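Following: one structure in structure tokens, then a few remarks.
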Amino acid sequence: MKRPQLIRPALLEARNITRLYGPKQGCEEIDFTLHQGEVLGIVGESGSGKSTLLRVLSGLEKPDNGQVIYHRSEPSFSELTGTDLTTPEPAHTGLGGAEGALDLYAISEARRRALLRMEWGLVHQNPRDGLRLGVSAGANVSERLMALGQRHYGNLRAASQDWMGRVELDPRRIDDAPRTFSGGMQQRLQIARTLVTEPRLVFMDEPTGGLDVSVQARLLDMLRTLTRQLGLSVILVTHDLAVARLLAHRLMVMRQGRVVEAGLTDQILDDPQHDYTQLLVSSVLTP
Ligand SMILES: Nc1ncnc2c1ncn2[C@@H]1O[C@H](COP(=O)(O)OP(=O)(O)OP(=O)(O)O)[C@@H](O)[C@H]1O
């Protein structure tokens, strides 16, 4: 008997996105839908446009063309905070489409930033870009909770300690400054700081890049556990196919700013169709 397919609702849609700095420099005509609970890996060699696309998707850089549509569902953080992202602004018509669909670049920059701060999360390759180095580890973790309106000192501290434990950091180091942590520990702290609010959508840019191989392996393992436990929806940029294999359900392969192949991770890596993907995959396998 054929099993019914479970169709997960769409969370983020890229519609014909183009952001070019020069010919083939940036990303061009990108279309895809990310569904709830899905990890989408964007892979490709250096300069293929992965980071440009991630910046556009995460609201940091306006595309030259195309739309990023975010499908919000209840309960929303606006209910928690009193901020309403869906109310159209005076000169704003960007809420077309399905109810709760937000056109990312049709809302004000302030609202876009609020979205990134409160419903989304961004894990940078360099943890120093995502941490506040002047405050303690605990304050780093609890900051996003405070942005959501939580004020109780004891609860914030307990949440910070809990999350430090979940990312395998010693909770007794809650008052230490991040700069006293190793690179791998800082990355775990950045992940705790990002995930503490259980964001609906997380963007990760080479989250294990720049770390020793053994540190990478542990971090990857932890990321995989957390994404599964929390059912996170993730857009992950990586040039490392092993990272993509471990974390991503689906892959998009980019070359010179365009998507050359997309599909289920195992399908793409075990049976690549496009010449470029075949080259990428074989270059990893060849010693
Ligand atoms: N702000 C910018 N101004 C001008 N050119 C840019 C800018 N950002 C990216 N580019 C160019 O766009 C192209 C794609 O860069 P991008 O950083 O998106 O690629 P990538 O696949 O993420 O590479 P890497 O893995 O090395 O980070 C490159 O040719 C790059 O030089």
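The values are calculated or read from the model by the stated rules, or taken from the named source; none is laboratory data. Computed from a prediction, not measured in an experiment: that's the story for all the values here. Cβ atoms come from the backbone with ideal geometry, glycine included; neighbour counts cover every protein chain shown. Calculation scope for accessible area: heavy atoms of the full protein, side chains included, ligands and nucleic acids excluded. Shrake-Rupley method; radii C 1.70, N 1.55, O 1.52, S 1.80 Å.
Descriptive notes on the structure:
- Residues located in region 25-35, provided they are of a type in the set (S, T, N, Q) and either modelled with pLDDT under 95 or within 15 Å of the ligand (Cβ to nearest atom) (or both): 25
- Inspection of region 9-18 finds no residue satisfying the criterion of being within 12 Å of the ligand (Cβ to nearest atom) and either modelled with pLDDT under 95 or assigned to a loop (DSSP other than H, G, I, E, B) (or both).
- If the condition is being more than 10 Å from the ligand (Cβ to nearest atom) and hydrophobic (A, V, I, L, M, F, W, C), then region 37-68 contributes 39, 40, 57, 60, 68.
- Residues in region 94-153 that are surrounded by 14 or more Cβ atoms within 10 Å (Cβ to Cβ) and of a type in the set (Phe, Trp, Tyr): 2 in all.
- Search result, residues across region 150-207 that are among the hydroxyl-bearing types (Ser, Thr, Tyr), over 22 Å from the mean Cα position of the chain (by Cα) and closer than 18 Å to residue 222 by Cβ: 182
- Residue within region 89-110 that is under 27 Å from residue 208 (Cα atoms), among the acidic types (Asp, Glu) and either within 16 Å of the ligand (Cβ to nearest atom) or modelled with pLDDT of 90 or more (or both) present: no
- Every residue from region 22-64 that is open to solvent by 40 Å² or more (accessible area, probe 1.4 Å), closer than 23 Å to residue 284 by Cβ and in a helix (DSSP H, G or I): 51
- Applying the criterion of at least 1 residues that are surrounded by fewer than 15 Cβ atoms within 10 Å (Cβ to Cβ) to the strands (runs of 3 or more DSSP E) found wholly in region 179-287 leaves 258-264.
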